[in-house]
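The values are calculated or read from the model by the stated rules, or taken from the named source; none is laboratory data. The structure displayed is predicted, hence computed values, not measured ones. Note: ideal-geometry Cβ built from the backbone for every residue, glycine included; neighbour counts use all protein chains shown.
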Amino acid sequence: MAELRAKTSPQGSDPARGSLIGKRIPKMDAPDKASGRTRYIHDINLPGQLHAKILRSSERHAKIVSIDTRAAKALPGVHAVITAADVPWQRPIGVAKDHLPLKTDRVRSLRDEIAAVAADSVEIAEEALGLIRVDYAPLPVLTDPVAALAPDAPRIHPAPQGADGGPSLKPGLPVAYTGKPDNVAMVMEYAQGDVAAGEAGSALVVEDVFRLHYVTHCCLGVSGVIAEFDPSGNLLLYSNTQVPFLHKREFAELLDIDPGRVRIIQPPIGGGFGSKLDIYPFEPIAIFLAKITGRPVKLVFTREEEFLASPTRQPVLLKLRSGCTKDGVLTFREVETLHDNGAYTSWGATTPFVMMQTVSSLYRVPHCRYRTRAVYTNNPYAGSFRGYGNLQATFAVEAHMDRLAEALGIDPLEFRLKNAQDPGEVTPQGMHFKTCGLKDCLRTAAERGDFLRKHAANRARWSDGDPVKRGVGMASMLHVGGGAKIYPSDGCGTILKIDDFAHVTLITGASEIGQGSETVLAQLVCEELGLPLSAVTVVNNDTDITPWDVGVHASRTTFIAGNSAIGAARKAKDKILALASSKCGDAAEALDLAEGCVVKKATGERVFELAKLIRSLHFSDKAELVMTTHYYEPPSVHQDKQFKGDVSAAYAWATQVCEVEVDTRTGIVRLVKVTGAHDVGRVLNRLGIEGQIEGGIVMGQGYALTENLMVEDGWVRNPNFRDYKLVTAPEIPEIDVSFIETMDGEGPQGAKGVGEAPAICIAAAVANAIYNATGVRLTSLPFTPERVYRALHGAAQPLEWNVPQ
Amino acid sequence: MTIERYCAPRTLDEALEILRAGPVSPFAGGTDLMPQSQAGRVRLAPVLMNLRRIEGMGGIAENDGVVRIGALTTMTQLMDSAVVRERLNILWQACDHFASDQLRNAGTLGGNICNASPAGDTLVPLLVLDARVELAQKPNGRIETRKLPLAEFLLGPGRTTRAPQELLSAIEIPLPAEGFYGAFFKLGTRPALDISAISIGLGALHDDGCLRSVRIAFGAVAPTAIRAARAEAELEGRLLDQDVIDAAVQAADTEIHPISDLRASGWYRREMVCNMLRRMLEDARSH
Amino acid sequence: MPARIDIAFRLNGVGKRASVAPETSALEMLREVIGLTGTKYGCGEGECGACTILVDGVTINACLMFAADCDGRDVMTIEGVNATPRGEALRRAFVEHGAVQCGFCTPGIMVQAWHLLESNPHADQATIQRGIEGNLCRCTGYKKIIEAVAAAEAVERGQTPVEQSREVQRG
């Protein structure tokens, strides 16, 4: 593992100005975290608190015949045992509102919540769970998403039966009440141009089928929540949510109370990665128990529960056809996918939103058609996970690009460059690439990774008899980098106050989830106000205090919250300089803020000490405070029903070159080196962005090589770190990252969002590298030793697209 | 899981008395018992006995060509021992692949043996080293011990010939002759922190292009870690050429009964035993 | 009546008494009985290292240790490691080198790194990687953690002083 060599762009920071931009700024929360002082939700205990545990289904698909909770209720130390019957007022949750927190008549997957206990201790709650008797009447189990489409497949969400035994369809109500006539949870279709015409004009057409597997977030801090009601019925939640304001409203709806009566406090969280974008049943259940017992209720998962009952990345079967001219210009692309939705619908079902962007717009494709069906099965249900479908889409598109290049006899780099987007392009899907560093990314990663030479040399070694082969592969990606307007607003609010000692309190709607947002926001404010980082406190964890924000997702926080913070800081600066101007007579435009003072812009001469100036305002007859607010709404648009529109204010690009070693005797693939080039707009905090990219690369490595949540016939076979293999320290590759600074015009100081980008390319680049090493193309993830060995020795089953129309 | 009594005896004598008196869950490192009991996979007996405080049940000593390793010796202590590193290097190699530093610091050799996992990391090298286990009990007021080869001690996954009133007190390993060659292979993508899909131990003396005193053992391809007598016989005293290697690999193929589980299919395990044994023999030839 | 065991041990250099149930783990005792929450629950099976503590000078997973087994022993947690010069050097290096993201694995890795440098003051990069192989991190990709441990090691050898953070840290 060599030193990370990051290129310093000529457009980088100006050291003469003492700018913080582009520097290596340690995270503000790091000292507390490194000393074990940080209090995560697991570390918080409220006076009078009870501990809750959930009884989950032992069946994959069954009717609940009866639940007997009498023995559990009689256990000393048990305060409440609840089932759906105890909360008849509960409401459906999830993206499609297709399930109730506590299941009523049937269970549809192993994780399904049947009953819950609140007790004096975790041990008593667990003992009580063991005393609850549930009688099930098993139903046919459906775990194959292809079979789910068969006309005679068992229905996962049949219409609930009414009292008369007939169907109780209630039109206009959520799926949880009405049922679904078939197993299709969601269909998303997109089209541009005329695919038939594109195909007719193709010299070459290639079709591939890919299969993507289950992985899960594995946040080191397990899920948890603490719920408490005050005597007036106001709800206080200590929550790990990544979207506090959306959830505040959803919890209020669940409880049928005014959202103003829900307050969410977010303790620091032990990892997010998209896992906390939806409400999951455990949260309402804790709230029910708190309401029923009148006590604070804490509910924390075990690791096994975390594997069984937290969301996964969506498994996908994907068929991809593309064509190109004999000169290697893409003519059309057609993608169809089958998403295994699991028993219920969470954000995983909506990942086509991102997948189709990669399909339509990573390269210039004139004609394109995309279709996804997400089907219900009795498997675990999938949520959102860093990259949001883009790991799946990019794996397919970029492996397929190598196949096309090979069929054409063009090298993979040239083929990509030929079709890559340029700045200024508006794609048929409506995305406007105001800045676009894709070609720079391609060239830089290829050059620094010595791609062309190695690519040719490795192929020449296919039959040299050495059992250990080397391979190199590349993949590129496109991802939103300026927010994503999936709601009518993609905005973020900031409140900024500067106190009498020129100390800034930055109150932002944007949550810190470990990625370093509070540090980068503080940095952006310091840049405007000429203050050191030590002059800023960030408040970002309490919905009663912080202004509205959509949430931490879509790599949006630096961009959206950053612009919001800059806006608030500029308003404060304007106010300060206007005051200074009135006192010293110089025009406000001729003044600036630097090093805690008002200075003359031209000479840097100090005019006022900032703290003194502010005090003079505060304690004058004007008696004014320097306190500003700003709401930033990016200039993106909510896509139309055809999924067209410029959904993000900026787009991030990257190319990663992966080098692997394949032991053909064992099938073990070692990721040796990753050379990445990332269009990040501009580097704000070099330490932070390196951390995001390195962490993302290793997460992508896990997706490609080691991680596999084994779901077999609806059973989760490996709900533990022993057999769900995260990458460990000795396995990491050498990492070389270059930053392509395209200075996005809308970005804060030119930056784009980058949180998800680094994980996206790895699996595709590794697949291409394995092919380059061995001549064998793998189309199913992950590339575990046995799968690779089978493929190398002709013992793999080819993937087929046998999905009914 | 109501534990009526916890005890941490100081002497073997005391521990054996407690064992004789009734159902006891003994533990040393606790690294297997704790998670298994917390997950409800193992029911703890009313008496929980911590063996770690027993004096004289640790330590590594060499006497008359036999290395005696106290059952409470941790993996880290094994790795720190000069005699293990220099004379029983195959055991050292296996310890190096064992879990993580934290688990090597807690896990004991006796515990790894009594846990009797088919994939137990130390079992393969111990079989190669012809290790014997010493079991102690106190039936009539006097400590009695018996010694038996490890191969006879292991019965199946989690099952051994240890009687409930017995404790595994020590492991004895006859010092291999000078120049003994030992190699351990564990299939996995990580250096450690991995349950092996298969493991292989090979021990032998080089003698003019031939291997003598050949010992081969496999992990995770049968209900217990096993010795491969037929493969050993194919190699014993023969010139180690390609034909002999082929014959040994073919013999090994007949001696293993790998199952399919979530870590690997039986087919793949079999392929790996053959491929890797071949590689190890080729390495041994060029050694 | 389930058994309770009264134990006495040293915790971060100070004598400590506790009464625990036999099945209680050292992790539960530290967090729930004693209230030292720097040691984290990550898996309860010794697979993630978030609960790494020192017992008699070597690291173990507190989730796998019976609390009763602490009796008479010398236990040090992240809270104790913090107070040592090596702990301080490590903390500074972790902060300066960006080795902390969500931070949940960090205390366990700090303790493991402390032990690694204690037992191997000249640890090279490969040794550091192997040394923390029992600690899972989901955020950082380990690279900056490895660099931080190497930097702390270099400071101990007096080679390159860790730069004082130019920015005063909050808190």
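Does region C:135-154 contain at least one residue that is surrounded by fewer than 24 Cβ atoms within 10 Å (Cβ to Cβ), within 11 Å of chain B (Cβ to nearest Cβ) and part of a helix (DSSP H, G or I)? Scanning region C:135-154 turns up no residue that is surrounded by fewer than 24 Cβ atoms within 10 Å (Cβ to Cβ), within 11 Å of chain B (Cβ to nearest Cβ) and part of a helix (DSSP H, G or I).
Restricting A:I486, A:I507 to those that are β-branched (V, I, T) and over 30 Å from A:S361 (Cβ atoms) reduces the list to A:I507. Considering the conditions (1) under 17 Å from A:E528 (Cβ atoms); (2) modelled with pLDDT under 95; (3) hydroxyl-bearing (S, T, Y), A:S620 is excluded by exactly one of them, (1).
Here's the yes/no breakdown for (1) touching a residue at least 40 places away in the same chain (Cβ under 8 Å); (2) crowded, with 19+ Cβ neighbours inside 10 Å:
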site: A:E207; (1), (2): yes, no
site: A:S223; (1), (2): yes, yes
site: A:N234; (1), (2): no, no
site: A:Q242; (1), (2): yes, yes
site: A:D256; (1), (2): yes, no
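Can you pull out every residue in region C:44-78 that is of a type in the set (D, E, K, R) and free of Cβ contacts under 8 Å to residues at least 24 places away in the same chain?
Here is the first cut: in region C:44-78, the ones of a type in the set (D, E, K, R) are C:45, C:47, C:56, C:69, C:71, C:73-74.
Answer for region C:44-78, where residues must be of a type in the set (D, E, K, R) and free of Cβ contacts under 8 Å to residues at least 24 places away in the same chain: C:E45, C:D56.
Among the criteria (1) surrounded by fewer than 24 Cβ atoms within 10 Å (Cβ to Cβ); (2) facing chain A (nearest Cβ under 9 Å), the one C:V95 does not fulfil is (1). Going residue by residue through region A:344-356, is there one that turns out to be of a type outside the set (S, T, N, Q), assigned to a loop (DSSP other than H, G, I, E, B) and surrounded by 24 or more Cβ atoms within 10 Å (Cβ to Cβ)? Yes, region A:344-356 has at least one match.
Of (1) modelled with pLDDT of 95 or more; (2) surrounded by fewer than 22 Cβ atoms within 10 Å (Cβ to Cβ); (3) among the charged types (D, E, K, R), B:R269 satisfies all except one. Which? The single condition B:R269 does not satisfy is (2). Checking every residue in region A:713-736 against the condition of being within 10 Å of chain C (Cβ to nearest Cβ), under 30 Å from A:S19 (Cα atoms) and not basic (K, R) gives at least one match.
The residues on offer are A:V754, A:V803, and the sole one that is surrounded by fewer than 22 Cβ atoms within 10 Å (Cβ to Cβ) and outside any strand (DSSP E or B) is A:V803.
Just to check your reading of the model, which residue among B:N112, B:N89 is closer than 16 Å to B:T31 by Cβ and either surrounded by fewer than 22 Cβ atoms within 10 Å (Cβ to Cβ) or not assigned by TED's automatic domain parsing to the domain that holds B:A225 (or both)?
Values: B:N89 fails: closer than 16 Å to B:T31 by Cβ.
Criteria check complete, one pass: B:N112.
Take A:F783 and decide whether it is of a type in the set (F, W, Y), farther than 24 Å from A:Y388 by Cβ and in a loop (DSSP other than H, G, I, E, B). Against the criterion (of a type in the set (F, W, Y), farther than 24 Å from A:Y388 by Cβ and in a loop (DSSP other than H, G, I, E, B)), A:F783 does not qualify.
Does B:T160 fit the bill of being of a type in the set (V, I, T) and crowded, with 20+ Cβ neighbours inside 10 Å? It is true that B:T160 is of a type in the set (V, I, T) and crowded, with 20+ Cβ neighbours inside 10 Å. The set of residues from region C:68-84 being assigned to a helix (DSSP H, G or I), of a type outside the set (D, E, K, R) and within 14 Å of chain A (Cβ to nearest Cβ) comprises C:I78, C:G80, C:V81, C:N82. Before we move on, is A:E512 outside any strand (DSSP E or B), more than 9 Å from chain C (Cβ to nearest Cβ), within 16 Å of A:T629 (Cβ to Cβ) and touching a residue at least 60 places away in the same chain (Cβ under 8 Å)? So A:E512 fails the test. Among the residues of region A:271-326, write down those that are within 29 Å of A:T372 (Cα to Cα), of a type outside the set (K, R), in a loop (DSSP other than H, G, I, E, B) and within 14 Å of another protein chain (Cβ to nearest Cβ). Selection gives A:G272, A:F273, A:G274, A:S275, A:S310.
Filtering A:A568, A:A554, A:A561 for residues that are at pLDDT below 95, within 41 Å of the chain's Cα centre (by Cα) and closer than 21 Å to A:T494 by Cβ leaves a single hit, A:A554. Note on region A:482-503: residues that are under 19 Å from A:G567 (Cα atoms) and buried (at least 24 other Cβ atoms within 10 Å of the Cβ) amount to 7. Listed by first and then second residue, the pairs linking a residue in region B:232-246 that is under 22 Å from B:L129 (Cα atoms) to a residue that is at pLDDT below 95 and among the basic types (K, R), with Cβ atoms under 6 Å apart and 6 or more places separating them unless they lie on different chains, are B:L240/B:R285.
Take region B:1-51 and flag every residue that is in a strand (DSSP E or B), away from chain C (no Cβ under 11 Å) and among the β-branched types (V, I, T). Full working, then the answer.
Within region B:1-51, the first condition is being in a strand (DSSP E or B), and the residues that meet it are B:5-7, B:24-27, B:47-50.
Filter once more, so that each one left must be away from chain C (no Cβ under 11 Å): B:24, B:26.
Once the filter is applied, which keeps residues that are in a strand (DSSP E or B), away from chain C (no Cβ under 11 Å) and among the β-branched types (V, I, T), region B:1-51 yields only B:V24.
Exactly one residue among B:G219, B:G209, B:G201, B:G188 is over 20 Å from the mean Cα position of the chain (by Cα) and not hydrophobic (A, V, I, L, M, F, W, C), and that residue is B:G209. The lone criterion from (1) more than 9 Å from chain B (Cβ to nearest Cβ); (2) more than 22 Å from B:G30 (Cβ to Cβ); (3) crowded, with 24+ Cβ neighbours inside 10 Å left unmet by C:G131 is number (1).
Collect the residues in region A:515-528 that are away from chain C (no Cβ under 14 Å) and surrounded by 24 or more Cβ atoms within 10 Å (Cβ to Cβ), keeping them in residue-number order. Don't jump to the end; show me each part of the working.
We begin by selecting, within region A:515-528, every residue away from chain C (no Cβ under 14 Å); these are A:524, A:528.
Within region A:515-528, A:L524 is the sole residue that qualifies.
Applying the criterion of being facing chain A (nearest Cβ under 7 Å) and without any contact (Cβ under 8 Å) to a residue 12 or more places away in the chain to the residues of region B:260-270, the residue that is nearest to A:R787 (Cα to Cα) is B:S265. Picking from residues in region B:52-68 that are under 20 Å from B:E14 (Cβ atoms) and surrounded by 16 or more Cβ atoms within 10 Å (Cβ to Cβ), the one that is nearest to the other protein chains (Cβ to nearest Cβ) is B:R52.
With respect to C:A62, determine if the residue is in contact with a helix residue (DSSP H, G or I) (Cβ under 7 Å, 6 or more places away or on another chain), among the small types (G, A, S) and facing chain A (nearest Cβ under 10 Å). Show your work before the answer.
Details: in contact with a helix residue (DSSP H, G or I) (Cβ under 7 Å, 6 or more places away or on another chain): yes; among the small types (G, A, S): yes; facing chain A (nearest Cβ under 10 Å): no.
When the stated conditions are applied, C:A62 does not pass them.
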